[in-house]
Amino acid sequence: MKKMIILSLLCSLAGFSALAQPIDDLVVRNAEGDLVFFPFRDGSFDDGKRVGNGWDFTHYLVGNWTGDGNDDLIVRNELGELLLYPFRDGTFYEHNGGQVVGHGFNYTHYFVGDWTGDGTDDLIVRNQAGDLLLYPFRNGTFYGHNGGRRVGNGWDFTHYFVGKWAGNGTDDLIVRNQAGDLLLYPFVNNTFYDQGNGIRVGNGWNFTHYFVGEWTGNGTPDLVVRTAAGELLLYPFDRGTFYEQNGGTVVGHGWDFTHYFVGNWTNNGTDDLVVRNAAGEMLLYPFHNNSFYDQGGGRIVARDWNYTHYLLGGWLRNE
C-alpha cells in the first residue's frame with residue numbers, strides 16, 4: 001500500500017522512509033494537468049505557483065534523483081517509459097525535463113529508496129511473479145547500471161513500508177502478510193537474500209492506515225496507525241522490533257480524513273501530520289512528546305484543496 005497508487009504511497013508509506021528533515025512542501029496536480037507548488041512556511045501553506053503543465057502520467061515517483069539535495073520527479077507514461085524531471089529554482093520548467101531514463105517498466109509496485117547507499121535514490125520494483133528487481137539510478141539514468149537484477153522472490157504481501165529499519169545506512173522493507181504479521185527484511189549488499197527469511201517484528205496488525213515517520217526522535221522510523229474506530233496508535237520501533245516498546249498507546253482519536261501527509265511540518269525534530277478533510281481544508285497536527293494531544297492540532301493551514309495528486313517532498317531543501 002505504499003502508493004501503489006500515488007496517494008497510498010504518500011499517506012501510508014509516506015515516505016518511502018521519512019526520517020525528520022527540514023520542512024517539507026507539497027506539489028499538487030490539478031484536473032487540467034498543471035503542477036502547482038505550495039511551500040509550507042511559518043506554519044501554513046503559501047500561495048501556489050504553477051511549476052509544470054501537461055502532466056498526464058500513470059505514476060509519480062518523488063526522490064532525490066539528481067543528488068542536489070532537493071527532491072525531483074521521475075514519472076512513468078503509458079508506454080512504460082520513465083522520464084526524469086529535475087526540480088530546481090522552485091520549478092520544473094527549463095531544466096531539461098522529460099529525458100527518458102528507463103523503459104519497459106510494467107510492474108505492480110515501485111519502491112523509492114536509497115537502496116545502494118550512494119546518496120541518490122534508486123528503485124526496487126515488484127513484478128507479477130512476486131520477484132523484486134533492483135534498478136540503481138546513477139548519473140541521471142537507470143540505463144547502464146545493471147538494472148533488473150533479482151534481489152528477492154515470493155513477495156506477496158498486503159503492505160510494504162520503506163525505511164532505514166535496520167540502521168545499516170541503506171533503506172530496508174517491513175512488510176505485512178495476510179495473517180497480520182509484520183516482517184523485517186534488511187537490505188544489505190544490494191540484496192534481500194541471505195539476510196534472514198523475514199524477521200517477525202510484530203503481529204495482529206489489522207489497521208486502516210499506516211504512517212511511517214520519525215515519531216519518537218530515536219533515529220529510526222516508527223509507525224503511527226489508524227484503527228477502524230478512528231484512533232491513532234503509536235508503535236515505536238527500537239532495537240530491530242516493535243515488540244516490547246510499549247506500542248499501541250492512543251495518541252489521537254476522531255481521525256476521519258481523506259488524505260494524510262507525514263512530514264517534519266513544525267521543524268521540531270520529529271514528524272507531524274497534515275491532513276485533508278472532506279471540505280478540502282488542510283489541517284496541521286503537530287506531534288510532540290509522543291502524542292497529538294494538547295499540541296494545538298487541527299488548525300487550518302489551507303482551503304479549497306481539490307487535486308488529483310499530492311506529491312510530498314523536500315522540494316526546496318537545498319535552496
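Considering each residue of region 184-194 in turn, none proves to be over 30 Å from G104 (Cβ atoms) and among the hydroxyl-bearing types (S, T, Y). Please indicate, with yes or no, whether at least one residue in region 113-121 is in contact with a Leu (Cβ under 9 Å, 6 or more places away or on another chain), small (G, A, S) and touching a residue at least 60 places away in the same chain (Cβ under 8 Å). Yes, the conditions are met somewhere in region 113-121. Count of region 268-290 residues, restricted to those that are assigned to a loop (DSSP other than H, G, I, E, B) and either acidic (D, E) or surrounded by 15 or more Cβ atoms within 10 Å (Cβ to Cβ) (or both), is 7. Taking G217 as the residue in question, decide whether it is touching a Gly at 6+ places or on another chain (Cβ under 6 Å), touching a residue at least 40 places away in the same chain (Cβ under 8 Å) and in a loop (DSSP other than H, G, I, E, B). Answer is yes for this residue. Residue count for region 148-170 under the criterion of being under 27 Å from V100 (Cβ atoms), out of contact with any Asp or Glu (no Cβ under 9 Å at 6 or more places or on another chain) and of a type outside the set (S, T, Y): the result is 2.
Reported count of residues in region 220-240, each being part of a strand (DSSP E or B) and at pLDDT 95 or above, is 9.
Given the condition polar (S, T, N, Q), assigned to a loop (DSSP other than H, G, I, E, B), closer than 26 Å to D222 by Cα and touching a residue at least 12 places away in the same chain (Cβ under 8 Å), answer yes or no: does some residue in region 159-176 qualify?
yes
Please work out if W155 is part of a loop (DSSP other than H, G, I, E, B) and in contact with a His (Cβ under 9 Å, 6 or more places away or on another chain). Yes, satisfied.
The values are calculated or read from the model by the stated rules, or taken from the named source; none is laboratory data. Just so it is clear, the model here is predicted, and its values are computed rather than measured. As a convention, Cβ positions derive from the backbone with ideal geometry for all residues, glycine included, and neighbour counts pool all protein chains shown.
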